[in-house]
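The values are calculated or read from the model by the stated rules, or taken from the named source; none is laboratory data. In this text the structure is predicted, and so the values were computed from the model without any measurement. Cβ: placed from backbone, ideal geometry, glycine included. Neighbour counts: every protein chain shown. The protein model used for the area step is the full one, side chains on, heavy atoms only, and it has no ligands, DNA or RNA in it. Shrake-Rupley method; radii C 1.70, N 1.55, O 1.52, S 1.80 Å.
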Amino acid sequence: MLGIKSKESDTHISRSTPVSVPNETASFVGSNMHVTGDCIVTGKLRIAGKVSGNVEAEGLELHESGTVDGNVSAPRGTGNETTFVIGGRVEGTVRASRVEVRKTGSVLGGLIADHATIHGKVEGGLEVASRLAIEDTAVVEGDVSAGRLTMKEGGHVNGTIVMGGAAKRSKSDETPKREIAVVSA
């Protein structure tokens with residue numbers, strides 16, 4: 001039997017011993033790592049390095065130094081309410097129930113969520129089924145569709161904003177009933 005004996009104790013660990021991993025354990029891509037290919041993670045994923053491929057995880061924390069050259073999504077049908085926190089750069093689309101784009105964060109392929117708070121930059125538009133908060137440091141390039149919207153003074157949207165029932169109809173109809181055009185200075 002192959003095993004390791006610890007110097008601190010007389011505990012014997014063998015390869016056949018099952019290891020219990022708590023549900024809150026997160027996988028980590030360190031700042032000195034570059035992963036090439038898609039990352040599919042059961043649980044949470046923290047990225048401080050670079051992923052060249054798509055990322056699917058139940059939870060995501062993209063650090064300021066982290067980049068994803070691909071799409072980021074939560075698994076479909078999980079009912080996951082974990083907030084995806086974007087502090088770095090995503091070259092593709094972000095799809096999750098809850099998303100927060102921090103001041104240092106940028107999403108270049110658009111964002112689709114039930115709830116979202118934007119402090120940083122989003123290009124390619126936003127589709128938020130329920131509540132969208134655009135903070136004073138946010139810059140949004142593209143059309144916005146949201147069930148409810150709060151926007152702080154200083155936040156920028158360069159695109160068309162569709163809210164409420166019109167936002168829900170615009171997903172099925174191409175002619176929404178209520179539009180607000182916002183152009184930042």
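Rounded to 0.05, the FRET efficiency of the THR36 and GLU64 pair, given R0 = 30 Å and the Cβ-Cβ distance, is 0.90. For region 57-98, the per residue solvent-accessible surface stands at 43 Å², with DNA, RNA and ligands left out and a 1.4 Å probe.
Find the relative contact order for region 78-163 and round it to a whole percent, using C-alpha pairs within less than 8 Å whose residues are 6+ positions apart.
Numbers: 265 pairs, mean separation 16.7, N = 86.
19 percent.
Of the GluC sites (Glu not before Pro) in region 23-67, the ones in a loop by DSSP (not H, G, I, E or B) with at most 11 other beta carbons within 10 Å are GLU24.
The overall shape of region 68-127 is prolate: from the C-alpha gyration tensor, with semi-axes ordered a ≥ b ≥ c, the ratio a/c is 1.5 or greater and a/b exceeds b/c. Please state the shape class of region 98-160: rounded when a/c is under 1.5, otherwise prolate if a/b exceeds b/c and oblate if not, all from the C-alpha gyration tensor. In terms of gyration-tensor shape, rounded. By its C-alpha gyration tensor, with a ≥ b ≥ c as the square roots of the eigenvalues, how is region 43-99 shaped: rounded for a/c under 1.5, else prolate for a/b larger than b/c, else oblate? Prolate shape, in that a/c is at least 1.5 and a/b is the bigger ratio.
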